[in-house]
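Structure record follows, encoded as structure tokens.
The values are calculated or read from the model by the stated rules, or taken from the named source; none is laboratory data. Note that the structure is a prediction, hence the values are computed from the model and not measured. No Cβ is skipped: glycine too gets one built from the backbone with ideal geometry, and neighbour counts run over all protein chains shown. The protein model used for the area step is the full one, side chains on, heavy atoms only, and it has no ligands, DNA or RNA in it. Shrake-Rupley method; radii C 1.70, N 1.55, O 1.52, S 1.80 Å.
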Amino acid sequence: MLLRIALRKKASKLTAVTAAVALAIAPMSSALAQQNKGPPVIRDTEAEQLLRDYTRPVLRAAGLEKQNIQVVILNESVFNAFVADGRRIFVNYGAMMQSETPNQIIGVLAHETGHLAGGHLAKLREQLARAQTQMIIAMLLGAGAMVAGARSGNSNSGLANAGAAAVAGPQEMIRRTLISYQRQQEENADRAGVKFLTATGQSPKGMYETFKRFTSESLFAARGADPYLQSHPMPADRVASLEELARASPYWDKKDDPALQMRHDMMRAKISAFMERQDTVYRRYPLSNTSLPGRYARAIATYLHGDLNNALTQIDGLIQAQPNNAYFYELRGQALLEGGRPNDAIAPLHKALALSNNAPLIEMLLGQALVATDNKAHTDEAIAILRAAVSRESEAPLGYAQLAMAYGRKGDYAEADLASAQAAYLRGDNKTARDLASRAKTRFAVGTPGWVKADDIVSAKPMPGQKSN
Ligand SMILES: [Zn+2]
């Protein structure tokens, strides 16, 4: 299952930081400009599990294993990766697609972990607070009032006099100050990243290759057009010192484990098939490509673009090749569910759950299939599975939306209203969330757990950057 959804909490945190980053790296990239709509997040168990496996050793080497740091995949095709709130590493799906080896994306993740470990975000915020003062100083300079203030020994009067003296210079000055500050951070993050890779017995070559690629591309690309270059300034001397550092690693020539490379290629095939145009998918994975990733991409493209039976034949071929691959059964279940055969989707989804150690997003898909059968005999199982899913994956509205339908089918309207309210809340629809939660409160006995949860939603304040309607 690959979902594109806006996660409310993540969205709001990112939006809050976006204003700051946009100031730091004007002109704003198109990716950042779009974030007012809330960044759509891609959810997929297979890709997320792979990214967890990539980051876990690095986070441990950085001493951050207890921070519960998540990697969040953003629905953006351009290459970018960044940290925004100290708890999450954001990676565009474009960065995953453009990384040909696990080592390349692991290198980027190690560099971002270097930013996290170095507390660079806090420093950036501090720097922005200072930028406010610098803007004032620049305005004073523009008005010549700074000189006057300095002469009189009273800068306050200068500040007061310069109120209307806006000049073109300050924004550019702030931008340059912040970027030069970031350069130091970049070098520190490079050094930390290489250290983490060495500590975990991994090569820093992929990290170097990625950053080198950006330096050479930037010679041709329009200046400032690339969001990754904007957030990670890469002057030639930085890349040169990274190269020196990286080549000194005892693991420089170490290759990725072939099994990990295969998982990486499967992940890229899946992202291509779900996210790219059909003709692009077939250009990347033509019929002549009989590798497992090639077959995976075409099976997904076939199910997405209409022919269910043909897709099922292709998926069965994949299952034959890897009978213990949870994601092939998940795909079979998803194809059947979306093809209008929810009853047939149940068995493969049960199998996918067993093989994936009960992945919550797959539980949600199974819950959805059970609800879609329209068979009351499945209702209790649907509720149990969906409750288990939302208890571990509380930010995905799909689970609550399906739970609401299951409760509705049982005639439990209090729980149905509460679950609908939770789904609306996670979608960022505050008004609907409040209305449904208010109604749920009237259906629960006062003080019961359901009433308390509903009351929390009724009294929840909108997050920064969100409309209160
Ligand atoms: Zn960086």
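Take the conditions (1) under 26 Å from K255 (Cβ atoms); (2) part of a helix (DSSP H, G or I); K66 misses just one of them, which is (1). Scanning the range 89-113 for residues that are in contact with a Lys or Arg (Cβ under 7 Å, 6 or more places away or on another chain) and over 18 Å from A269 (Cβ atoms) yields one hit, N103.
Rundown of residues vs (1) crowded, with 16+ Cβ neighbours inside 10 Å; (2) in contact with an Asp or Glu (Cβ under 9 Å, 6 or more places away or on another chain); (3) under 30 Å from P286 (Cβ atoms), yes/no style:
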position	(1), (2), (3)
H305	no, no, yes
N309	no, no, yes
Q314	yes, no, yes
I319	yes, no, yes
Y329	yes, no, yes
P342	yes, yes, no
N357	no, no, no
P360	yes, yes, no
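Any residue at all in the range 211-230 that's within 16 Å of the ligand (Cβ to nearest atom), open to solvent by 60 Å² or more (accessible area, probe 1.4 Å) and at pLDDT below 95? Yes. Scanning the range 283-301 for any residue that is open to solvent by 20 Å² or more (accessible area, probe 1.4 Å), within 16 Å of the ligand (Cβ to nearest atom) and not aromatic (F, W, Y) turns up nothing. For the range 244-275, taking the residues that are of a type in the set (S, T, N, Q) and closer than 22 Å to F196 by Cα, the one that is nearest to the chain's Cα centre (by Cα) is identified as Q261. Based on what the data block shows, is S77 farther than 22 Å from S356 by Cβ, open to solvent by less than 10 Å² (accessible area, probe 1.4 Å) and among the hydroxyl-bearing types (S, T, Y)? Answer is no for this residue. Please work out if D417 is buried (at least 24 other Cβ atoms within 10 Å of the Cβ) and among the charged types (D, E, K, R). For D417, the condition - buried (at least 24 other Cβ atoms within 10 Å of the Cβ) and among the charged types (D, E, K, R) - is met.
Tell me which residues, restricted to the range 246-282, are open to solvent by 50 Å² or more (accessible area, probe 1.4 Å) and of a type in the set (K, R).
To start, the set of residues in the range 246-282 that are open to solvent by 50 Å² or more (accessible area, probe 1.4 Å) comprises 247-248, 250-251, 253-255, 257-259, 262-263, 277-279, 282.
Answer for the range 246-282, where residues must be open to solvent by 50 Å² or more (accessible area, probe 1.4 Å) and of a type in the set (K, R): R247, K254, K255, R263, R277.
Considering the range 91-119, and only residues there that are within 12 Å of the ligand (Cβ to nearest atom) and not small (G, A, S), the residue that is nearest to D190 (Cα to Cα) turns out to be H111. Considering A421, A377, A384, the condition of being in a helix (DSSP H, G or I) and in contact (Cβ under 8 Å) with a residue 24 or more places away in the chain is satisfied by A421 alone. Pairing each residue of the range 91-120 that is part of a helix (DSSP H, G or I) and open to solvent by 10 Å² or more (accessible area, probe 1.4 Å) with any residue that is among the hydroxyl-bearing types (S, T, Y) and within 16 Å of the ligand (Cβ to nearest atom), provided the two are 6+ apart or on different chains, yields C-beta distances under 7 Å for Q104/T210. Those helices (runs of 4 or more DSSP H) of the range 275-331 in which at least 1 residues are closer than 21 Å to I346 by Cβ and among the charged types (D, E, K, R), considering only elements entirely within it, cover 308-321.
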